[in-house]
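The values are calculated or read from the model by the stated rules, or taken from the named source; none is laboratory data. Computed from a predicted structure; not experimentally measured. Here the Cβ is made from the backbone with ideal geometry for all residues, glycine too, and neighbour counts use every protein chain on show. These accessible areas exclude ligands, DNA and RNA; they are computed on the full protein's heavy atoms, side chains included. Shrake-Rupley method; radii C 1.70, N 1.55, O 1.52, S 1.80 Å.
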Amino acid sequence: MVPDGTTPTPAHEATEAPVFDASDELGLHHEPDFVGRHIGPRDEDVAQMLEVIGQPSLDAIIAKAVPGAIQGDEQLPMSAAPTEQAATAELRAYAERNTVARSMIGLGYYGTHTPPVILRKILENPAWYTAYTPYQPEISQGRLEALLNFQTMCSELSGLTTAGASLLDEGTAVAEAMTVMRRTAKVGAKDNSAVLLLDSGLLPQSIAVTETRAEPLGIPVVVADLAGVDSVEGLRAAAGDRDVFGVIVQYPAVDGAIRDWSALAEAVHEAGALVTAAADLLALTLLTPPGEWGADVVVGTTQRFGVPMGFGGPHAGFMAVRSGLERTLPGRLVGVSKDDEGKVAYRLALQTREQHIRREKATSNICTAQVLLAVIASMYAVWHGPQGLRSIARDVHGKARRLAGSLSSAGLEVVHEDYFDTLAVRVPGQAGNIVAAARREGVLLWKQDEDTVLVSVDETTLSADLEVVAEAFGVSLADRLGPAMELTWPQQLQRTSDFLTPEVFHVHRSETQMLRYLRELSERDYALDRGMIPLGSCTMKLNATTAMEPITWPEFANLHPFAPAEHSEGIRALMDELSQWLCDITGYDAVSLQPNSGAQGELAGLMAIRAYHASQGQEHRDVCLIPASAHGTNAASAVMAGMKVVVVKTAEGGDIDMDDLRAKVEKHGPQLAAIMVTYPSTHGVFEDTIADLCGLVHDAGGQVYVDGANLNALIGVARPGKFGSDVSHLNLHKTFTIPHGGGGPGVGPIGVREHLAPFLPNHPLVPGAGPATGVGPIAAAPWGSASILPIPWAYIRMMGSAGLKKATRVAILSANYLAKRLDEHYPVLYTGNEGLVAHECILDLRQITKDTGVTVDDVAKRLIDYGFHAPTMSFPVSGTLMVEPTESESLDELDRFVDAMVAIKAEIDAVGQQGDADDSVLRHAPYTARSMAGDWPYSFTRAEAVYPAGVNPATKYFPPVRRIDGVYGDRNLVCSCPPPEAFED
């Protein structure tokens, strides 16, 4: 159902295009073209692969690999579009049901112009959007540089020393700032007695997200008007006579007000607390940066730097911190290091803060962030430079001044004298009429209350829009202000410091220069457009162009998330249909699309469980059982949801140790809230104890959370909601083909059984975005990253039931094919029934390392020389490689990978015979083109290093740097653009 309670008509029901149905007589012999485009192996290849693994058919693999107790033979109800063009036509029909008006709503979302060169060469370029998180930095230097630009942009505009490589949105960034301050401040740390003080001028969605996050952590939150608070006594009074550990203010405020927060910051610091400013980066080109008036942390969104509103997302949030707080930052942080030749190189820094290493002790549960959007925002700054950004900001402010002057001259009250782009206009009892009048003329304003209208301008606002607004207020628009317009807010709030100082922000002014810079960066990187990325637990499959195209259509891209419901009829109908399909696929009863990453989905699911137990009078249930092999986000999310983590051991064969599970359930039964289990397991097998596990936990009164990371092995085979799970998050950026974008965006909706549906996320500004009894918002926008939801819709629609089922089977076949061919060279660590694996397999290198000294790092870096991205290293078992080929890779590419791994094994065997790994071709990998031209101190030849067996010299990929020294980078932390001199020989 959509928010207004009506049932939408699916777009494909309104078209006359014939609909393919896999159950009809044609479907028995034919399939839509897209299925063959998406799935790599041809039918004859499938037959060959089946012969290698000794199985007669795809169905036979499923029958033997998947426990019979959980297999479902229900036909999924979704039919396939006959062609990609037909699916596009249906998406166009949905888009045409939206109404794109000129938004002057503000509230954190603004119109912006995406420079065409950035749109074409980044957002629409698979070299950028199909890349993975840069865990292999040697083949990720392009996007790492782009992220370093992003960090530099955020830190210099904020006036602080270090910024991270993006967060999920502004609301969650504010919530993350809360925990950064709580970890840092000593006030009330022992008993959690001190409060978080939020200024009432914060964005309402930021307040709500922060309150949602604070509640399970037991952090008291007080919202108060902090204007005028300038002493410790005033701070304590605002907090209800309680100690304060942190304060968060909006700069400028939600109603546009610009306030001098320096006295407040001084009082906060005197009280031993910290200050966070939620700031507008465009405004900071003209406003004194928060770091200069005392802020310890600055957060916000970079949306208005070239990223469309997109009905709420995705957008890159940011966080910058003062010196000394770097190790408390949540999420990714790019740092400057050096490679084996001493050349400057980039890598992810201080990873020991993160969930994949520290688990329940991590600074945050963030895994996927918003890299693609951060890259776009950083390049917007590179394209415009400091002068261009300042010019845009002055133009925006000038529009606001022109409108404010028109209103004031007519006797209307513009509430605040100092503002940047947003006006609060007091019109007693007339706010609704004025908003309606503007809306009739195609302009959207915001009714703050019955007496106040908020009007926000941006770089897309035209004079004609200002005229409409003026007329809605019953006044005439004044003449334009001159180009020499002076700022009128107090001198101490006018920026005097430089920003965007590195050379990169000053040299790419022509489109030719920018085009070549973007090409140069993308050429440094390895993405799916170059070859297979066999990362286990990451599902790097095809991101179809047809599915990607609609995200830039203005009907989806230019919708404000708080636009009137009738303006978003098409996208809401699409989301409703997508939600129903996800329910059909998983067996759950309800879905929330709000979580904008898998980790946020985990948090939402655990919060629903927590709220359900509370509704049953069992608030004491706070223990979450988590297998030792689980992804680190599971433990981090459980802690954020207010739960205590208890680890369940792994049995010798790789399965969950059921004896240990029974003991833990018996010990913690009355306190048991949930178990989080990945299925198939992170060990790459279908455990036959899953039904027993669910029953055991349910009998003890707990709930079962099945992590959806490996759903690519379940679609059309088994449905978690039917074999005992109560809730799952679904990684739309894995199974359902939203691209990884180099580390985001991701979308992690949750599916739940009926009893948990009342506790799904909701939103304070859009009642229809979730149940009234929900846990509160998990993301800033009502439907999270709504603008990219056409991608999974298109994937499901073009695949249909039969195509989805075949994709699952081929993914499992491909993994078993690799396991079978590689087992004699690298033992497959865990297998299930009849030696079969699920959709991924773990190659065990531990004995190889013991015998030869060659490590998984050596093999991973050597694979670069063979033209491959490495599999997942040392997860979930140290000293192993986890390989997931997906259904999209052809047999030729699978064989190329096998040949490379076999050739590397021959190199390892040579090391075993010679006994010196340090002098081997593996230890010094990878090799750059530059390294071939310099001194060659090695015992092996240049040709052996650079052109190993099977590598085609005509298509050879050269990494831009040698192996990177990670320890050096952490010990000499630099997280902004280095000076040009750093690159000199």
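For the condition surrounded by fewer than 24 Cβ atoms within 10 Å (Cβ to Cβ) and assigned by the TED database to the domain that holds ARG242, what is the one hit in GLY272, GLY306, GLY313, GLY342? It would help to see each step written out before you state the result.
On the way: GLY306 fails: surrounded by fewer than 24 Cβ atoms within 10 Å (Cβ to Cβ); GLY313 fails: surrounded by fewer than 24 Cβ atoms within 10 Å (Cβ to Cβ); GLY342 fails: assigned by the TED database to the domain that holds ARG242.
Result of the check over GLY272, GLY306, GLY313, GLY342: GLY272.
Testing GLY300 on (1) crowded, with 24+ Cβ neighbours inside 10 Å; (2) within 10 Å of GLY164 (Cβ to Cβ), one condition comes back false. Which one is that?
Unmet for GLY300, out of (1) crowded, with 24+ Cβ neighbours inside 10 Å; (2) within 10 Å of GLY164 (Cβ to Cβ): (2).
This table checks each residue for (1) free of Cβ contacts under 8 Å to residues at least 40 places away in the same chain; (2) in contact with a helix residue (DSSP H, G or I) (Cβ under 6 Å, 6 or more places away or on another chain).
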residue	(1), (2)
ALA811	no, yes
TYR817	no, yes
GLU824	yes, no
PRO827	yes, no
GLY835	yes, no
THR852	no, yes
ARG862	no, yes
THR880	no, no
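Which is crowded, with 22+ Cβ neighbours inside 10 Å, part of a loop (DSSP other than H, G, I, E, B) and out of contact with any Asp or Glu (no Cβ under 9 Å at 6 or more places or on another chain), of PRO876, PRO885?
Details: PRO885 fails: out of contact with any Asp or Glu (no Cβ under 9 Å at 6 or more places or on another chain).
Result: PRO876 is the single residue among PRO876, PRO885 that is crowded, with 22+ Cβ neighbours inside 10 Å, part of a loop (DSSP other than H, G, I, E, B) and out of contact with any Asp or Glu (no Cβ under 9 Å at 6 or more places or on another chain).
Each row is one residue, and each column tells you yes or no for (1) in a loop (DSSP other than H, G, I, E, B); (2) in contact with a helix residue (DSSP H, G or I) (Cβ under 9 Å, 6 or more places away or on another chain); (3) among the charged types (D, E, K, R).
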{"site": "ASP255", "(1), (2), (3)": "yes, no, yes"}
{"site": "ALA265", "(1), (2), (3)": "no, yes, no"}
{"site": "VAL268", "(1), (2), (3)": "no, yes, no"}
{"site": "GLY272", "(1), (2), (3)": "yes, no, no"}
{"site": "ALA277", "(1), (2), (3)": "no, yes, no"}
{"site": "LEU284", "(1), (2), (3)": "no, yes, no"}
{"site": "GLY300", "(1), (2), (3)": "no, yes, no"}
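Name every residue in region 496-548 that is of a type in the set (D, E, K, R) and either in the same structural domain as PHE875 (by the TED database) or out of contact with any Gly (no Cβ under 9 Å at 6 or more places or on another chain) (or both), in order of residue number. So that I can check it myself, show each step before the final result.
Of region 496-548, the ones of a type in the set (D, E, K, R) are 498, 503, 509, 511, 516, 519-520, 523-525, 529-530, 541.
If the condition is that a residue be of a type in the set (D, E, K, R) and either in the same structural domain as PHE875 (by the TED database) or out of contact with any Gly (no Cβ under 9 Å at 6 or more places or on another chain) (or both), then ASP498, GLU503, GLU511, ARG516, ARG519, ASP529, LYS541 are the ones that fit.
Give region 167-184 a look and list any residue that's of a type outside the set (Lys, Arg) and more than 30 Å from GLY256 (Cβ to Cβ), or say none. Give the steps one after another, and end with the answer.
First pass over region 167-184, keeping only residues of a type outside the set (Lys, Arg): 167-181, 184.
THR184, the sole residue that qualifies.
Please list, ordered by first then second residue, the pairs with beta carbon atoms under 9 Å, 6 or more apart or interchain, first in region 948-975 and within 20 Å of SER931 (Cβ to Cβ) and open to solvent by less than 60 Å² (accessible area, probe 1.4 Å), second at pLDDT below 80 and assigned to a helix (DSSP H, G or I).
GLY966/GLN351
Give all pairs with beta carbons closer than 6 Å in which a residue from region 532-552 that is closer than 24 Å to TYR135 by Cα meets a residue that is charged (D, E, K, R) and in a helix (DSSP H, G or I); count only pairs at least 6 apart in sequence or on separate chains.
MET532/GLU893
Please give the number of the condition ILE904 fails out of (1) open to solvent by 10 Å² or more (accessible area, probe 1.4 Å); (2) in contact with a helix residue (DSSP H, G or I) (Cβ under 8 Å, 6 or more places away or on another chain); (3) under 22 Å from VAL828 (Cβ atoms).
Exception for ILE904: condition (1).
Would you confirm whether any residue within region 585-597 is part of a helix (DSSP H, G or I) and either modelled with pLDDT of 95 or more or within 30 Å of PRO885 (Cα to Cα) (or both)?
Within region 585-597, one or more residues are part of a helix (DSSP H, G or I) and either modelled with pLDDT of 95 or more or within 30 Å of PRO885 (Cα to Cα) (or both).
Across region 835-860, what is the total count of residues that are among the charged types (D, E, K, R) and outside any helix (DSSP H, G or I)? Walk me through it before giving the result.
So in region 835-860, the residues among the charged types (D, E, K, R) come out as 840, 844, 846, 850-851, 857-858.
Narrowing further to those that are outside any helix (DSSP H, G or I): 840, 844.
Total meeting the criteria: 2.
Restricting to region 188-221, name every residue that is more than 20 Å from ARG259 (Cα to Cα) and open to solvent by 30 Å² or more (accessible area, probe 1.4 Å).
Matches in region 188-221: ALA189, LYS190, ASP191, ASN192, SER193, GLU211, GLU215, LEU217, GLY218, VAL221.
Could you tell me which residue of region 629-646 is surrounded by the fewest Cβ atoms within 10 Å (Cβ to Cβ), considering only residues that are in contact with a strand residue (DSSP E or B) (Cβ under 6 Å, 6 or more places away or on another chain) and more than 20 Å from CYS538 (Cβ to Cβ)?
If we take residues in region 629-646 being in contact with a strand residue (DSSP E or B) (Cβ under 6 Å, 6 or more places away or on another chain) and more than 20 Å from CYS538 (Cβ to Cβ), then LYS644 is surrounded by the fewest Cβ atoms within 10 Å (Cβ to Cβ).
Based on this model, can you work out whether LEU603 counts as part of a helix (DSSP H, G or I), crowded, with 20+ Cβ neighbours inside 10 Å, within 20 Å of the chain's Cα centre (by Cα) and not assigned by the TED database to the domain that holds ALA718? Quick ask: steps written out before the conclusion?
Values: part of a helix (DSSP H, G or I): yes; crowded, with 20+ Cβ neighbours inside 10 Å: yes; within 20 Å of the chain's Cα centre (by Cα): yes; not assigned by the TED database to the domain that holds ALA718: no.
Considered against the rule, which asks whether it is part of a helix (DSSP H, G or I), crowded, with 20+ Cβ neighbours inside 10 Å, within 20 Å of the chain's Cα centre (by Cα) and not assigned by the TED database to the domain that holds ALA718, LEU603 comes out as no.
If you scan region 371-412, which residues turn out to be of a type in the set (Lys, Arg) and within 20 Å of SER476 (Cα to Cα)?
Step one: of region 371-412, the residues of a type in the set (Lys, Arg) are 390, 394, 399, 401-402.
Of everything in region 371-412, those that are of a type in the set (Lys, Arg) and within 20 Å of SER476 (Cα to Cα) turn out to be LYS399, ARG401, ARG402.
Being of a type outside the set (Gly, Ala, Ser), open to solvent by 30 Å² or more (accessible area, probe 1.4 Å) and without any contact (Cβ under 8 Å) to a residue 40 or more places away in the chain: is that true of GLU467 here?
On the way: of a type outside the set (Gly, Ala, Ser): yes; open to solvent by 30 Å² or more (accessible area, probe 1.4 Å): yes; without any contact (Cβ under 8 Å) to a residue 40 or more places away in the chain: yes.
Yes.
Looking for whichever is among the acidic types (Asp, Glu), more than 24 Å from ASP169 (Cβ to Cβ) and in the same structural domain as VAL453 (by the TED database) here; the options are GLU292, GLU211. Which one fits?
Numbers: GLU211 fails: more than 24 Å from ASP169 (Cβ to Cβ).
One residue alone meets the criteria, GLU292.
Please work out which one of (1) within 30 Å of GLU887 (Cα to Cα); (2) in contact with a helix residue (DSSP H, G or I) (Cβ under 8 Å, 6 or more places away or on another chain) is the condition MET540 fails and give its number.
Unmet for MET540, out of (1) within 30 Å of GLU887 (Cα to Cα); (2) in contact with a helix residue (DSSP H, G or I) (Cβ under 8 Å, 6 or more places away or on another chain): (2).
Could you pull out the residue among ALA802, ALA819 that is more than 29 Å from the chain's Cα centre (by Cα), assigned to a helix (DSSP H, G or I) and farther than 30 Å from TYR947 by Cβ?
Numbers: ALA819 fails: farther than 30 Å from TYR947 by Cβ.
After applying the criteria, what remains is ALA802.
Please indicate, with yes or no, whether at least one residue in region 421-435 is without any contact (Cβ under 8 Å) to a residue 60 or more places away in the chain, in the same structural domain as GLU486 (by the TED database) and within 27 Å of THR285 (Cα to Cα).
Yes, some residue in region 421-435 is without any contact (Cβ under 8 Å) to a residue 60 or more places away in the chain, in the same structural domain as GLU486 (by the TED database) and within 27 Å of THR285 (Cα to Cα).
Write out, first by first residue and then by second, each pair whose Cβ atoms fall under 9 Å of each other, whose residues are 6+ apart or on separate chains, and whose first residue, in region 655-666, is in the same structural domain as GLY702 (by the TED database) while the second is of a type in the set (Asp, Glu) and in a helix (DSSP H, G or I).
Short answer, once both residue conditions are applied: MET658/ASP692; VAL665/ASP699.
Residues of region 72-102 being modelled with pLDDT of 95 or more and open to solvent by 60 Å² or more (accessible area, probe 1.4 Å), which ones?
Those that are modelled with pLDDT of 95 or more and open to solvent by 60 Å² or more (accessible area, probe 1.4 Å): GLN85, ARG92, GLU96, ARG97, THR99, VAL100, ARG102.
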